[in-house]
Structure formats: C-alpha cells, structure tokens
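A quick write-up on the structure given underneath.
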Amino acid sequence: MSVGFCFAAAKSVSSYWYDESKTVLEINNFEDFLEFQRLLRKEDVTFKGKEVHLKTDIIVFDTTNSDTWSKKIKPKDFEEKKYLLKNSILDQSFSVFNGEFYGNGHYIRGLYGMPLFGLGRIKNAVIQNLNISHSQFFAANFLVAGAGASIALSSINSNIRDCNVFADVYSGNGLFNVTIGTTIKNCSYNGNVTGIGNIYAGGIASIARKSSILDNNKVSGIIIGPARRTNGIVGSISSSSVGMNNDESDVIIAEKSGFAFGFETGYSLGIGKYGMSDFNTFNLYIGAIINRHFAIYLGYGLPQIPTIGKTNGIKYSALNGYAESVFKEVIENEKGLPKDDILYNIQDEFTIPIFVKPRFYLSEKSISPFIDADVGIALSFYESTNFYFNPSVGVQIKMFTVSLGYKIQAAQYQKLLFGTDNWSYGSFIGTYESGGIVKRPNGAISLKIGFGF
C-alpha cells in the first residue's frame with residue numbers, strides 16, 4: 001500500500017498551484033515560484049507536456065551587494081529565508097525538467113547557489129525569453145562537482161532562445177555545463193565565470209556535443225579557466241556541433257596554468273652514414289600547460305636498443321636488448337666488411353633517458369599545429385652517455401597528437417676489433433672493449449603519435 005501511495009503521489013501531487021488537467025501553468029507571485037521549485041526538486045514533477053509562464057518579476061533573495069556574494073558572504077536575508085526555501089530553491093535533490101518555460105521578458109533576481117532548474121538537467125525542453133540577474137551560482141557542496149551554472153547543469157535535446165543572464169558563476173559555466181543536441185540562440189551571458197580544475201570553461205557552456213547549435217549568442221565579462229581549455233563561448237565543441245555568429249569580443253580570458261601528462265610512441269628511421277634504428281620510441285612525460293600557446297614537460301624515454309653500424313649506414317639492432325645477437329648477425333652477413341668500419345653502441349639496462357620538451361602551439365583551436373623538441377640526455381652507469389635533440393612539427397587534435405621530426409643523437413661508439421680468428425663470435429666478444437672510443441652524431445627521421453591530458 002505504501003509503495004502504491006508513493007507512486008501515485010509522484011504522478012498526482014497535492015498542490016494549490018499545480019493542476020494535472022491544465023496545460024498552461026502561470027507563476028504570478030513569489031509563492032507560485034516557490035511551489036514550482038518544490039514540485040520540480042522535491043516531488044519529481046518533470047512538467048512534461050506543460051507550459052510554465054512567468055507573469056511577473058521574481059526576487060528570490062535581497063539583491064543588495066549581490067556582486068560581492070560568495071560562499072562566505074551570503075545575501076542579507078539568507079538566514080531569514082533559508083527555512084522558507086529549504087524545500088525548493090535550496091534543495092539539492094537531482095531534478096529533471098521536460099516542459100516548456102516562458103519567461104515573457106520578466107526577471108528572476110537574487111538566485112544564490114544552485115541553477116534555476118536545480119542539480120539536474122533539462123531534457124526535450126524549451127526555455128525562452130527569460131532573464132536572470134543579480135545572482136550567483138556555485139557548487140553547493142564538494143560532492144557535486146561543477147554544480148555552478150545559471151540555468152541547469154546539462155541540457156539534452158532542448159531549445160534555448162532569447163535568454164539573458166547577468167550573474168557570476170564559480171566552479172562551473174555560464175548557462176550550462178554540458179549541452180547535448182541542444183540549440184542555444186540569441187542568448188547572452190554577462191558576468192564572471194570561474195571554471196573547474198582542468199575541465200573546459202566557457203561563457204555559454206563547458207562542452208557542446210552531439211549536434212548542438214550555438215547561434216548568435218553574446219558573452220561579456222571575465223572567463224577564468226585552464227589554459228587551452230577556456231573560451232568565451234564554449235570550452236570544447238564536438239565536430240558534429242556548430243558555433244556561428246557568436247560574439248565574444250567583450251570577453252577577457254584569464255587562463256590558469258594546469259598540470260598535464262601524456263605519452264608518445266613512434267618509429268625512428270635512421271639515415272646517413274651513422275644513422276640509428278630506434279624501434280622502441282616510447283616517451284612518458286608530465287608538465288604544465290602554461291597558456292594557450294606554450295607548454296613545457298619533463299619526460300622519460302625507453303632506453304635505445306643496441307645497434308651496430310658500418311660505413312654505408314646499414315645497421316643491426318638487438319630488439320631483445322642483447323648485443324650478442326647483433327654480433328652474430330654481423331658475423332653471418334658482413335664477413336667482407338673492413339674491420340675498422342664496424343662501430344658498436346648500446347645503452348644498458350641501467351640507462352636513464354630523460355628529456356625536457358618545450359612545446360609552442362601555433363593556434364588556440366581544438367585542432368592546433370605545434371612545434372616542439374625533446375632535449376635529452378641518456379644517463380648510463382656503465383656505458384657512454386648520449387645526448388639527443390629531437391625537434392618536430394605536429395598537430396594536436398583535442399587530446400591526440402601526431403608529429404614528424406628529426407632525431408639527432410651525439411652518441412659514443414666503440415670500434416669492434418678481432419682476434420687472430422677474425423670472424424669468430426668469441427673473437428668479437430673478447431676483444432671489442434679494447435677498441436677506441438669514436439664519437440659520431442647520428443640522425444633519424446621520427447614519427448610519433450601521442451595522447452595526453
């Protein structure tokens with residue numbers, strides 16, 4: 001019986017204002033507005049198939065000094081009203097709005113904390129001709145990341161038109177955090193936005209996905225967010241979505257440096273007299289994105305595999321890490337090679353290849369060409385220390401990178417000498433350490449692909 005009663009209550013609520021038989025519902029005063037909020041947030045009424053019309057301006061909290069509000073500095077009448085509003089405006093329950101909300105040009109002033117439509121989403125909804133001002137939005141608690149937004153946390157397959165917001169948003173974005181298949185047209189946001197960590201930040205939304213359309217919107221104010229992830233309109237827009245005719249000319253972008261990490265893998269093809277074979281290119285790196293045009297990383301690369309080179313540039317490489325396998329191949333295939341032309345280079349298992357990677361972005365867009373370089377040293381406890389420099393040009397597409405460069409390594413080689421039996425394996429192994437040290441720069445064309453945050 002109790003389960004049936006709860007189900008019935010969700011479908012047929014007790015309210016002086018809400019009438020299931022009516023298609024159009026009017027908000028004529030503050031009490032009506034509170035009842036609308038209570039039904040949305042506490043009674044799980046989605047208003048599907050309903051039109052909600054705002055017929056007057058609403059003042060939620062006293063808007064005096066609203067530009068100084070914060071989590072510590074609350075509205076003057078907050079303590080007085082919080083008991084009145086605890087089941088509506090201040091309720092932190094998840095909510096879904098499926099109806100149509102028409103502001104009719106009226107203002108809702110003095111919202112504080114959570115979005116107009118609560119900690120949830122609007123879906124298959126229409127929001128039109130609405131004004132919000134003298135308000136401040138932020139995450140109500142640390143359990144709801146990115147709860148700052150003026151209208152709703154997310155919008156799915158909805159239509160937002162002719163809405164204007166004059167407010168500040170902390171830990172969030174101007175109108176929504178995420179839009180999916182939503183059209184936002186002829187809207188404006190005026191105020192300050194402070195983004196969340198490394199998440200995208202924008203004056204209209206953080207992320208626009210799945211055929212969202214942002215058309216003829218205007219943003220002004222200050223947008224603070226992570227470097228290369230902050231934009232006046234939308235922080236990140238998918239390839240299926242469209243942003244057009246939007247105006248962000250009055251926006252000040254304040255980017256904050258952010259932690260970044262990633263990896264690269266690739267192939268280096270040695271060329272020239274002492275070219276190198278580097279089949280195991282794999283770099284891990286961490287660092288910071290300083291601004292939309294510059295990043296710097298500190299990285300670690302896998303040790304280079306042992307190689308043997310001869311004067312015509314042909315090389316043998318030990319993919320399993322053992323030089324002996326290379327010697328055997330040389331004995332088998334290169335008996336006619338002059339002894340003095342064989343050079344040996346290896347980085348042992350105790351080698352620590354580290355590098356610095358500065359990267360300069362040539363564009364601030366989601367598809368951005370860049371120039372970077374790995375400037376490194378391969379520290380070795382038992383073998384020679386090698387220096388390398390790998391400049392490259394590439395392109396970053398969101399989190400993916402691909403680059404083409406030229407890797408130059410100032411390596412030290414040892415000449416391989418022989419005993420009286422010349423081309424025997426034992427002679428190779430037993431006498432190569434008596435050879436002199438030969439310094440040779442070698443180079444390789446490098447192709448790398450990467451992934452990072």
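Taken together, the values in this text are just the output of simple stated rules run on the coordinates, not laboratory data. Just so you know, these numbers come straight off a predicted model, no measurement behind them. We place every Cβ from the backbone using ideal geometry, glycine too, and count neighbours over all the protein chains shown.
For residue 402 and residue 288, compute 0.36 nm times the residue count separating them, minus their Cα-Cα distance, and round to one decimal in nm. Kindly include the intermediate steps, with their values, before the conclusion.
Values: separation 114, 0.36 × 114 = 41.04 nm, distance 1.92 nm.
Result: 39.1 nm gained on full extension.
Using equal-weight Cα scatterers in the Debye expression, the normalised intensity of segment 13-256 in log10 at q = 0.09, 0.13 Å⁻¹ is -0.33, -0.71. When only alpha carbons are used to place a centre, segment 55-89 and segment 203-218 end up 29 Å from one another. Take the Cβ-Cβ distance between residue 44 and residue 395 as r, set R0 to 60 Å, and report the resulting FRET efficiency rounded to the nearest 0.05. Approximately 0.80, to the nearest 0.05.
Under the simplified labelling scheme, the residue 240-residue 126 pair shows an inter-label distance of 2.5 nm, with each label point 7 Å from Cα along Cα→Cβ. With kT/(6 pi eta Rh) evaluated at 4 °C and eta = 1.567 mPa s, and Rh the Kirkwood radius from Cα pairs, segment 81-170 diffuses with a coefficient of 98 µm²/s according to Stokes-Einstein.
Among 367-378, 37-48, how do they line up by average Cβ neighbours within 10 Å per residue, starting with the highest? Spell out each step's value before the answer.
Details: 367-378: 17.6, 37-48: 19.6.
Those peptides, ordered most packed to least, come out 37-48, 367-378.
Placing +1 on the Cβ of every Lys and Arg and -1 on the Cβ of every Asp and Glu, with no other charges, gives segment 13-256 a dipole of roughly 740 debye about its Cα centre.
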